[in-house]
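Okay, so here's the structure we're looking at.
Computed from the coordinates by the stated procedures, all read-outs in this text should not be read as laboratory data. Here the structure is a predicted model, which is why all the values come from computation and not from measurement. Note that each Cβ is placed from the backbone with ideal geometry, even for glycine, and that neighbours are counted across all protein chains shown.
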Amino acid sequence: MFRVVRDSRWRRQRLLILCYHGIAQEDEHEWRPGLFMPPGILEQRLEILKRGHYNVVGLGQGLEGLQKGTLPPRSVAITFDDGCYDFYSQAYPLLTKYGFPVTVYQTTYYSDYQKPIFNLFCSYLLWKRRGEVLNQGFELGVESPMDLRSEASRHQIVLKLVKGSEAQGLTGAEKNEITTRLAALLGVDYEKLTAKRILQLMTGQEIAELARRGVDFQLHTHRHRTPEQEDLFRKEIDDNRNRLQQIVGSTATHFCYPSGIYKTEFLSWLREEQVVSATTCDAGLASAESDPLLLPRLVDTAARSALEFRSWLDGIGPVLALQKTAPQRYVPRD
C-alpha cells in the first residue's frame, strides 16, 4: 500500500514540506522534545530520504513545480524554523553530507544580539532543577518558594518573568540580566551554557556563510512575533526582510508563521508585503489547490517513529490523520 500511494499520480501532484526546529547539542531534546531532536534521529530521517529515492527539492523549486505540474515524483522540501546556532553546528553538516537543499526561516533580532533567547532560556534553566522546590524567587518578582516539580508550575514562573519584563519595557540586555540572576539562584553555570551557544541564534556572519554555501534563508519575523495590528505586523516583516537582505544580499519572499499561529487578516497584509508563500504547522501535503499563504507542513519530532515518518513521505500519513480531529496549530510552551 505504501508503494502504491508513493508512486501514484496523486502523490506526484503533492509536495511534503518537512518542518524542524532545533537539533540538540546536549539535553535540549529532553527538555523540549517537541522542539528539539537528537542529531542521530535527524540523520535517520535523512537516510530514509536517501534510501527511499525521495526527491528533496528546494522550497522555491518545489512550490513552482507544484503550480506548473512539474514536480518530480516523491517530492519533499526540508525547512527549519528560527535559525538557532544548533542548525549551524548540528543540522547543516548532516544536510551537507546527504546533499539535500534546505530553507531556514530566520528570525533576526537575536542574530544581532548574541544572547540566549529570553523566555526559552528561562524555561531551560528552571528545567535544569526540575523536581525541586527552592526557597528563592522574590528578588526576581516571582513567588517563593519556586515549585519546579512540574512543567505547568515552571511554565507559570516563566510567564511571570516574561510579563514582568514586558510591563517594564526591558531591553534585551536587561532581560539577559534576569537570566543571569536566575541561573545564579538556581546554581546553574550560565557562562558554560552561553559559551556553548545553547538557545542562541546564528550570527549574521554564520548566516552569510551558509547562504554562500546554498542555504535558503527566508522570513520568520524580526522578533518571532505576529502582532495583530497591521502596522506592527508589517514592521516585523519589513525589519526581518531588510536585515536578511543586508546579510545575504537577496530579497526574501517566503514566510513562516511563528509558532504556526495565523489569523485570516494576516493574509492580505502578507500580500501587501509581496510575500508569495507562507507555511503553517498544520499537518498535510501541499497541492496546487492549497492556499499559497496557508501551506501545510509536517512537524517532525523524535516522538514520531521511522514507520510513521515514512508513511507521510509516501502519502499514507495524511489519510490516517483524517481519522483524527481538525489539525492543531503548533504552539510550543514557553
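Determine the relative contact order of segment 118-195: mean sequence separation of Cα pairs under 8 Å and six or more apart, normalised by residue count, in whole percent.
Relative CO of segment 118-195 lands at 32 percent.
GLN67 to GLU272: extension gain in nm, 0.36 nm per residue of separation minus the Cα-Cα distance?
Once the chain is fully extended between GLN67 and GLU272, it gains 71.7 nm.
What whole-number volume per residue, in cubic angstrom, does the convex hull of the C-alpha atoms of segment 118-195 give?
Each residue corresponds to 77 Å³ of Cα convex hull volume.
Can you give the net charge of the other residues whose Cβ lies under 15 Å from the Cβ of VAL104, counting K and R as +1 and D and E as -1?
Net charge around VAL104: -1.
Loop only by DSSP, 14 or fewer other Cβ within 10 Å of the Cβ. Give me the GluC sites (Glu not before Pro) in segment 117-176 that pass, ordered by residue number.
Answer in residue order: GLU132, GLU143.
What is the sum of charges around LYS235, taking Lys and Arg as +1, Asp and Glu as -1, for the other residues whose C-beta is under 11 Å from the C-beta of LYS235?
Overall, the nearby charge balance is -2.
Give a quick list of trypsin sites (Lys or Arg not before Pro) in segment 124-208 that DSSP marks as loop, anything other than H, G, I, E or B, with at most 14 other Cβ atoms within 10 Å.
Counting only loop positions with at most 14 other Cβ atoms within 10 Å, the trypsin sites (Lys or Arg not before Pro) in segment 124-208 are ARG130, ARG149, LYS196.
Assuming R0 = 30 Å, what is the FRET efficiency of SER153 and GLU30, from their Cβ-Cβ distance, to the nearest 0.05?
For SER153 and GLU30, the calculated efficiency is 0.95.
How long is the gain from ARG225 to ASP7 if the chain were fully straight, where each residue apart is worth 0.36 nm and the alpha carbon distance is subtracted?
74.5 nm
Using only DSSP helix segments of four residues or longer, with each worth -39500 (n - 2.57), what per-residue ellipticity at 222 nm results for the chain after dividing by its residue count and rounding to 500?
-12500 deg cm²/dmol
Given contacts defined as C-alpha pairs under 8 Å and at least six residues apart, what's the relative contact order of the chain, whole-number percent?
It rounds to 23 percent for the chain.
Taking 7 Å along the Cα-to-C-beta vector as the label spot, tell me the ALA184-VAL319 distance in nanometres, rounded to one decimal.
Taking the simple label geometry, ALA184 and VAL319 are separated by 6.1 nm.
For segment 1-153, calculate the relative contact order in percent as a whole number, restricting contacts to Cα pairs under 8 Å that are 6 or more residues apart.
The normalised contact order for segment 1-153 reaches 22 percent.
If you stretched the chain out fully between ALA195 and GLU174, how much longer would it get, using 0.36 nm times the residue separation minus the C-alpha to C-alpha distance?
Roughly 5.6 nm would be gained on extension.
Using a 7 Å offset from the Cα along the Cα-to-Cβ direction at both GLN245 and SER259, what is the distance between the two label points in nm, to one decimal?
2.9 nm
Would you mind ranking ASP291, ASP81 by Cβ crowding within 10 Å, fewest neighbours first?
ASP291, ASP81
Take the Cβ-Cβ distance between GLU308 and ARG213 as r, set R0 to 45 Å, and report the resulting FRET efficiency rounded to the nearest 0.05.
Given R0 = 45 Å and the Cβ-Cβ separation, E is 0.90.
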